[in-house]
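Engineer: One structure coming up, written as structure tokens, with questions to follow.
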Amino acid sequence: MSLGLVDAEALAALHDRINICTSCRLHETRTRAVPGDGPVTARIMAVGEAPGENEDRTGRPFVGAAGQLLTRLLQSIGLDRQDIYICNVLKCRPPGNRDPEPDEVSSCAHFLDEQVALIRPDVILLLGRHAVGRLLPGMPGISRIHGQRVRRGDRLYVPLFHPAAALYNASLLRTLEEDMQRVRGYLDDAEAERERQRKDEEQEAARAAAVRAADEQLTLF
Ligand code: URA
């Protein structure tokens with residue numbers, strides 16, 4: 001079985017576990033849990049706060065107005081939503097869309113950690129302060145760091161304002177659109193770096209082959 005298939009099955013099994021989770025009080029009021037959506041092979045992951053009403057009804061993340069804006073923002077930088085893995089810090093809707101409680105965030109935390117470990121994305125877009133607090137604890141507030149790239153090992157994190165906050169705030173929407181253009185730049189930089197590395201490796205392999213060939217010539221005499 002290919003590795004991709006194993007990973008896809010592991011992700012499906014993780015979604016199954018999320019769907020039946022009863023670890024915190026939110027399972028009592030949810031209609032459906034919302035594990036996440038997208039291919040296990042995604043190189044980019046987007047993490048929001050928690051399901052809202054539409055997500056709770058459908059079991060899919062970002063399907064309401066904020067989701068439509070997210071889809072449009074991704075399209076604006078040439079990304080297809082289908083290629084991105086999208087999920088939330090909390091997998092169940094807080095009643096009335098209230099803020100997540102700290103104990104809810106901690107009892108759900110292992111699910112997001114498992115999603116990141118399985119997908120191993122190159123880039124994680126952090127949509128809103130709850131996603132930033134969860135995956136980049138100790139960083140300054142989102143108003144200070146939005147649009148910046150934060151490198152942790154091989155992975156890039158980009159804190160962004162939450163699309164829902166930009167829905168009814170024209171200036172925040174402009175900022176979010178500008179930040180998305182920066183994301184495009186970060187992706188282009190990462191692609192150029194990968195290409196540089198590939199060429200370096202190619203040159204190194206050619207050099208090693210030339211040295212081997214010269215050694216073999218010498219042993220002929
Ligand atoms: N807001 C979120 O943070 N997540 C969703 O899935 C929908 C709206």
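The values are calculated or read from the model by the stated rules, or taken from the named source; none is laboratory data. No experiment lies behind these values; they were computed from the predicted model shown. Here the Cβ is made from the backbone with ideal geometry for all residues, glycine too, and neighbour counts use every protein chain on show.
Engineer: Which members of region 18-30 meet the condition of being in contact (Cβ under 8 Å) with a residue 60 or more places away in the chain and outside any helix (DSSP H, G or I)?
Structural biologist: Cys21, Ser23, Cys24, Arg25, Arg30, listed by residue number.
Engineer: Are any of the residues in region 103-125 closer than 20 Å to Ala166 by Cβ, within 13 Å of the ligand (Cβ to nearest atom), modelled with pLDDT of 95 or more and surrounded by fewer than 23 Cβ atoms within 10 Å (Cβ to Cβ)?
Structural biologist: No, that holds for no residue.
Engineer: Let me ask something else about it. Tell me the residue from Gly96, Gly78, Gly128, Gly138 that is at pLDDT 95 or above and under 15 Å from the mean Cα position of the chain (by Cα), please.
Structural biologist: So the residue among Gly96, Gly78, Gly128, Gly138 that is at pLDDT 95 or above and under 15 Å from the mean Cα position of the chain (by Cα) is Gly128.
Engineer: Additional query: Mind listing whichever residues of region 170-221 are in contact with a helix residue (DSSP H, G or I) (Cβ under 8 Å, 6 or more places away or on another chain), in contact (Cβ under 8 Å) with a residue 60 or more places away in the chain and of a type in the set (Val, Ile, Thr)?
Structural biologist: Of everything in region 170-221, nothing turns out to be in contact with a helix residue (DSSP H, G or I) (Cβ under 8 Å, 6 or more places away or on another chain), in contact (Cβ under 8 Å) with a residue 60 or more places away in the chain and of a type in the set (Val, Ile, Thr).
Engineer: Just name the residue that is surrounded by the fewest Cβ atoms within 10 Å (Cβ to Cβ) out of those in region 24-46 that are within 15 Å of Ile86 (Cβ to Cβ) and among the β-branched types (Val, Ile, Thr).
Structural biologist: Out of the qualifying residues, it is Thr41.
Engineer: Now a separate question. Give the residue that is farthest from Glu9 (Cα to Cα), with candidates limited to residues of region 40-59 that are within 8 Å of the ligand (Cβ to nearest atom) and in a loop (DSSP other than H, G, I, E, B).
Structural biologist: Gly52
Engineer: Let me ask something else about it. Considering only region 147-176, how many residues are surrounded by 10 or more Cβ atoms within 10 Å (Cβ to Cβ) and either of a type in the set (A, V, I, L, M) or in contact with a Ser or Thr (Cβ under 7 Å, 6 or more places away or on another chain) (or both)?
Structural biologist: Selection size over region 147-176: 12.
Engineer: I'd like the full set of residues that are surrounded by 20 or more Cβ atoms within 10 Å (Cβ to Cβ), not aromatic (Phe, Trp, Tyr) and not in a loop (DSSP other than H, G, I, E, B), limited to region 67-97.
Structural biologist: Gly67, Leu70, Leu73, Leu74, Ile86, Cys87, Asn88
Engineer: Please specify each residue of region 60-95 satisfying the condition of being over 22 Å from Arg25 (Cβ atoms), near the ligand (Cβ under 10 Å from one of its atoms) and of a type outside the set (A, V, I, L, M).
Structural biologist: Arg60, Phe62, Gly64, Gly67
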